[in-house]
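Since the structure comes first, as structure tokens, the remarks are kept for the end.
Just so it is clear, none of the values below were taken in a lab; they were calculated from the coordinates. Just so it is clear, the structure is predicted and the values come from calculations on it, not from any experiment. Cβ: placed from backbone, ideal geometry, glycine included. Neighbour counts: every protein chain shown.
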Amino acid sequence: MQKKDDRTIKAYDIYSEVYDAETADFWDGFPKDIIQDFKSNLKGSRVVDLGSGPGRDAVLLREVGLDVLCVDASAKMAEQTRKKGFTTIISDLRDLKLDMSGYDGVWAYSSLIHISFEESRKLLMKLSESMNEGTVMLLGLIRGERNEERKMGDSNYVRYFEMYTEDKIRDLLKGTHFETVEMKTYQPKNHVYMNYLLKLKK
């Protein structure tokens, strides 16, 4: 039996082009200051987009002058970002194989929601140990009390969603050396997105 996270990767592999088209206007419902806040806190311009999907966010980050490396577990999503001109690495966030020490920031928007709380904590601990002090992270999560499994469109392919409350996020960050600079919430449609701007302080 496939792990729930593997089923999510499979769903994105099958529906990468459809997902790219359907989410093209995703950021229309968000104030763009979230991107400017992220950029203004960076020491440099090299950033990693963890769970980059089809490159929707990476394009916006590039437009404000950032040098973006895309990382995604889906080979088909990686094809989409490469078509958009991004250097892309295929890697599962549950077992990230990338030297992060040379990067100034991490963009992880709606990506950690597809792995478990325990796996996200493991990833954040790994990042806090390998990245330099002052590294900035934008962490975007969805508010909710219960984790969910959702079908991809009209198909039988299922995506896993780990939902978060503010208390759960505090537990997620505990001991990671990532400190909250600011937190903003947006509700463009049905879901409340919690956006945490974090800075690594060792």
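Charges were assigned to the Cβ only: +1 to each Lys and Arg, -1 to each Asp and Glu. The resulting dipole of the stretch 118-202 about its Cα centre is roughly 120 debye. Specify whether the C-alpha gyration tensor of the stretch 73-143 places it in the rounded, prolate or oblate class, a ≥ b ≥ c being the square roots of the eigenvalues: rounded for a/c under 1.5, otherwise prolate if a/b is larger than b/c and oblate if not. It comes out oblate by the Cα gyration axes. Think of the stretch 98-151 as having a plus end and a minus end, set by charges on the Cβ of Lys, Arg, Asp and Glu; of HIS114, TYR103, MET125, HIS114 sits farthest toward the positive end of this dipole. For the stretch 51-68, the residues whose amide N sits under 16 Å from a probe point set 7 Å from the Cα of LYS32 along the beta carbon direction are 56-66. The lysines within cross-link reach of LYS202, meaning a Cα-to-Cα straight distance under 30 Å and a gap of 8 or more places when in the same chain, are LYS32, LYS39, LYS43, LYS97, LYS122, LYS126, LYS168, LYS174, LYS184.
Annotation: amide H of SER111 within the under-5 Å range of GLY140, sequence separation 5 or more or interchain, hydrogens built in the peptide plane.
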